[in-house]
Amino acid sequence: MSSDTLMLRLGRAPERLRGARDLARGVLESARFARGALVSHKLRSTLTVLGIVIGVATVISMVSIIEGFNRNVIGNLERFGATLVQFQKFDSRFGPGGPPDESIRNRKNLTYEDSLALKALVPDMAAVSPERYWFPFDGQQVPLAKYGGEEAQPDTMVGVNEDYPAANNQYVGEGRFITASDVQRSAQVVVIGDEIAQTLFPGLDPLGKRVSIAGRTYLVVGVMERQGQSFFESVDQHLYMPITTFDSHFPWIKRTVGVNIATIPKNADLMQKIMDEGTQVLRIRRKVPFNKPNDFGIRTNDAMVRNFKQITGGIALAMVFIAGISLLVGGVGVMNIMLVTVTERTREIGIRKAIGAVKRDIVIQFLTEAMALSAIGGAIGISVGLAISTVVRKVSPLATATPLWSILVGLGVSISIGLFFGIYPAWKAARLDPVEALRYE
């Protein structure tokens, strides 16, 4: 590099620094102008940003509710184990949909014998848990559990085998669970949920006590770990007994209600294998022709999570569309008020131009004002959205969660609206002829 070139570049450096300082000074000056304009027209500014406030508040509150909802549901699904493969009568469905066709409604129930076949013929299954559930249906209430003068109402009675805890990732907190021997002997034993234990045995050890259910007595051998409330269900009011005992004592339930068969592989890599082999076993047992689809459903937690995310994602998009309309209205309001502001301050613009302000200064001044106006609306909208999220969390079982990105996006979108819708008014102000502007009254 020659000495002349070096000296030329060194000479330009102070000019660039002065230009940067002038630009920064101009922006700060514009910010002061914007603050003065907003303060002097409080009501007008408030009404102008109302659309932005509503739009950003909608986005923040809906993202918080949906994010919390997702975390709750997905957490509860994953609680059952990532490798759960459940064979059941019907396919799992989320969201709206018409009634299933007749061929699906007329499917045969899965049976306890189907579970025995899976256990015998699919050796890579670490656990095979046939589960027969008695929910209140068709007027058939789950019978009361009684001890002494106390009564407890189970929300669900379940016939199970020894593999239930491993397959469903739910374990006893005290005592033991149903054993293979209990199933083989059709033993009159029960495992009860934590809430049932507290209701029937306040201050007492429930283990070894005998409870009365529908006129029969059962020995309490275990109490499930307390789960608390969850989106799907809580085992705290469940009551479990050997499936063979269940079928013997309540045969009308067996005739009506099939079993769900929960399975898990010996390791995660075998999940697809047990699904394929289990499907083949059930198709053969149920005599499904090779060219026909399965006449039973298969549920995996990862598939349910994907389906659930698709549904909540669709809801989120609908909410974003609605919020977008509100933001568009707010942006038009910002542009309208800035055009009015340009008209009101025409003489001020002429004076600024007369004393040396260039087009860039005028553009920066009005863009800064428009962006400040929309940023204020965005900040208020974020505060309102967070307040709505907090209220929902306090007064409902929904656990809302507000991710940081939603706050940053809300603020960024609101400022961008001010920038976009402020361009035309700022351009119009910058093009005013200073002589004509000074004559304006």
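Couple of notes before you dig in:
- For the condition in contact with a helix residue (DSSP H, G or I) (Cβ under 9 Å, 6 or more places away or on another chain) and modelled with pLDDT under 80, Val320 qualifies.
- Those residues of region 377-405 which are part of a helix (DSSP H, G or I) and buried (at least 22 other Cβ atoms within 10 Å of the Cβ), in sequence order: Gly377, Gly378, Gly381, Ile382, Gly385, Ser389
- Between Gly314, Gly356, the distinction of being surrounded by fewer than 17 Cβ atoms within 10 Å (Cβ to Cβ), closer than 30 Å to Arg105 by Cβ, free of Cβ contacts under 8 Å to residues at least 12 places away in the same chain and not assigned by TED's automatic domain parsing to the domain that holds Leu118 belongs to Gly314 only.
- Some residue of region 160-182 being more than 35 Å from the chain's Cα centre (by Cα) and aromatic (Phe, Trp, Tyr): no
- Only one entry of Tyr112, Tyr133 meets the criterion of being surrounded by 15 or more Cβ atoms within 10 Å (Cβ to Cβ), farther than 17 Å from Thr279 by Cβ and more than 35 Å from the chain's Cα centre (by Cα), and that entry is Tyr112.
- Residues within region 248-296 that are charged (D, E, K, R) and assigned to a helix (DSSP H, G or I), tallied: 8
- Residue match in region 199-215 (condition: within 15 Å of Val160 (Cβ to Cβ) and in the same structural domain as Met157 (by TED's automatic domain parsing)): no
- Whichever residue in region 278-298 is touching an Asp or Glu at 6+ places or on another chain (Cβ under 7 Å) and not hydrophobic (A, V, I, L, M, F, W, C) and, among such residues, is modelled with the lowest pLDDT: Gly297
- Any hit, region 257-277, residues being aliphatic (A, V, I, L, M) and closer than 19 Å to Val142 by Cβ: yes
- Number of positions in region 367-388 that are touching a Gly at 6+ places or on another chain (Cβ under 8 Å) and over 22 Å from Met338 (Cβ atoms): 2
- Residues considered: Val158, Val142, Val128. Of these, the only one that is outside any loop (DSSP other than H, G, I, E, B), touching a Ser or Thr at 6+ places or on another chain (Cβ under 7 Å) and either at pLDDT 90 or above or surrounded by fewer than 20 Cβ atoms within 10 Å (Cβ to Cβ) (or both) is Val128.
- Inclusion of Ser374 among residues that are of a type outside the set (A, V, I, L, M, F, W, C), more than 18 Å from Tyr424 (Cα to Cα) and either modelled with pLDDT of 80 or more or crowded, with 18+ Cβ neighbours inside 10 Å (or both) is not warranted.
- Search result, residues across region 268-291 that are more than 21 Å from Asn106 (Cα to Cα) and in contact (Cβ under 8 Å) with a residue 60 or more places away in the chain: Ala268, Leu270, Met271, Lys273, Ile274, Met275, Glu277, Gly278
- If the condition is being of a type in the set (A, V, I, L, M, F, W, C), at pLDDT 70 or above and over 19 Å from Leu317 (Cβ atoms), then region 45-84 contributes Leu47, Val49, Leu50, Ile52, Val53, Leu84.
The values are calculated or read from the model by the stated rules, or taken from the named source; none is laboratory data. Everything numeric here is computed off the predicted structure, so don't read it as measured data. Positions of Cβ are generated from backbone atoms using ideal geometry, with glycine treated the same way; all protein chains shown enter the neighbour counts.
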